[in-house]
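The values are calculated or read from the model by the stated rules, or taken from the named source; none is laboratory data. Everything quoted here is computed from the prediction, not taken from an experiment. Using ideal geometry, Cβ is built from the backbone for each residue, glycine included, and neighbour counts are taken over all protein chains shown. Only protein heavy atoms, including side chains, enter the accessible area calculation; ligands, DNA and RNA are left aside. Shrake-Rupley method; radii C 1.70, N 1.55, O 1.52, S 1.80 Å.
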Protein chains: 2
Amino acid sequence: MAPDDTDRQSPAWTDPDCPVARTADLVGDRWSLLIVRDAMDGARSFTDFQQRTGIARNILTERLRRLTAHGLLTQVDAPSGRRRRYALTEAGKDLFPVIVTLRQWGERHAFEAGETHSVLVDGDGTRVPDLRPAGADGSPLTSDTTTVRRRS
Amino acid sequence: MAPDDTDRQSPAWTDPDCPVARTADLVGDRWSLLIVRDAMDGARSFTDFQQRTGIARNILTERLRRLTAHGLLTQVDAPSGRRRRYALTEAGKDLFPVIVTLRQWGERHAFEAGETHSVLVDGDGTRVPDLRPAGADGSPLTSDTTTVRRRS
DNA sequence: TCCGTTCAGTTGCAAAATGAAACCAAATGG
DNA sequence: CCATTTGGTTTCATTTTGCAACTGAACGGA
């Protein structure tokens with residue numbers, strides 16, 4: 001990598017006006033999503049991530065750097081001068097609803113009946129309820145009952 | 001493309017037990033996410049998608065085929081013997097919560113203060129409220145107050 | 001202190017995915 | 001019937017990904 005490689009980050013957004021597209025630009029790839037997933041589940045070190053995801057190490061290096069550059073992860077020093085570890089920033093933690101909806105969609109549609117899969121549970125061991133968009137009055141919303149208003 | 005190309009679909013899952021990973025395998029790339037976004041916003045034809053996303057046409061062909069093969073889109077005939085159009089299946093429409101959380105995260109973290117962006121509104125023109133994970137009792141849940149239980 | 005190991009990468013190279021552009025055939029429109 | 005549009009396919013150059021081998025700084029123990 002050349003000494004001056006401060007560019008690489010955003011060769012401009014795919015679709016600058018759309019929040020979905022911006023988020024997709026930042027974390028819309030398999031490995032970034034799985035890194036965030038694992039960070040939420042307690043992964044902290046390079047090898048934590050490498051072992052859990054099975055990602056190639058050069059790609060992991062690149063992704064950790066990218067997520068850090070974009071403010072989703074930070075590098076923190078462990079208590080006793082030990083090795084650096086990665087931790088989610090507030091913005092990173094705020095991806096929780098995204099990971100949850102990905103998980104819940106997967107549970108509903110990506111498994112055959114009878115296949116087992118991991119489950120997200122709260123402190124009591126209770127399964128986290130399905131997350132569904134709703135209006136201010138609590139009425140369920142779908143893609144048919146909503147629209148995108150451009151540039152507001 | 002060779003005449004027999006029925007493989008391509010799933011050279012096995014990245015992480016078969018994890019619903020997040022399965023979903024990421026199916027739609028965890030920028031273009032698939034944007035195609036789903038646009039389908040939810042009314043895109044139906046090849047050129048609808050091409051113009052809205054700006055995706056290369058060969059890639060669009062491949063993605064539409066892939067999403068169709070995985071049951072997120074179907075090809076439907078328009079009323080008057082017109083050209084084929086794509087439409088979201090039930091599974092595809094059920095990605096709505098995923099797109100909404102991606103959008104909302106983007107709104108919160110991917111724009112500078114003062115930058116404008118598109119907004120998702122319901123039939124009344126009211127902005128869709130933030131979607132946040134909550135326990136059965138309605139208490140907010142975060143990545144710190146939940147855990148993944150493997151293979152349940 | 002010296003030695004071996006683990007960690008966190010880097011480097012080199014092959015394979016796969018992506019993108020731009022040209023090409024093409026079936027529908028549609030006039 | 002002809003021109004145009006639509007929905008692709010093909011070709012080729014560029015980028016990204018992945019694998020495997022290598023490196024160098026930190027520990028860890030004898």
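Details
- Residue selected from the stretch A:123-152 under the condition more than 25 Å from A:Cys18 (Cβ to Cβ) and within 23 Å of the chain's Cα centre (by Cα), by the criterion surrounded by the most Cβ atoms within 10 Å (Cβ to Cβ): A:Val128
- Cβ pairs under 8 Å, 6+ apart, first in the stretch B:50-64 and within 13 Å of chain A (Cβ to nearest Cβ), second in a helix (DSSP H, G or I) and near DNA strand D (Cβ under 8 Å from one of its atoms): B:Thr53/B:Leu60
- Apart from one condition, A:Asp7 fits all of (1) out of contact with any Asp or Glu (no Cβ under 8 Å at 6 or more places or on another chain); (2) acidic (Asp, Glu); (3) at pLDDT 95 or above; (4) open to solvent by 30 Å² or more (accessible area, probe 1.4 Å); the exception is (3).
- Only listed residue being of a type in the set (Gly, Ala, Ser), within 11 Å of another protein chain (Cβ to nearest Cβ) and either open to solvent by 60 Å² or more (accessible area, probe 1.4 Å) or assigned to a loop (DSSP other than H, G, I, E, B) (or both), chosen from B:Gly42, B:Gly106: B:Gly42
- Any hit, the stretch B:71-86, residues being more than 16 Å from DNA strand D (Cβ to nearest atom) and touching a His at 6+ places or on another chain (Cβ under 9 Å): yes
- Residue match in the stretch A:64-87 (condition: under 27 Å from B:Ala134 (Cβ atoms), open to solvent by 70 Å² or more (accessible area, probe 1.4 Å) and modelled with pLDDT of 95 or more): no
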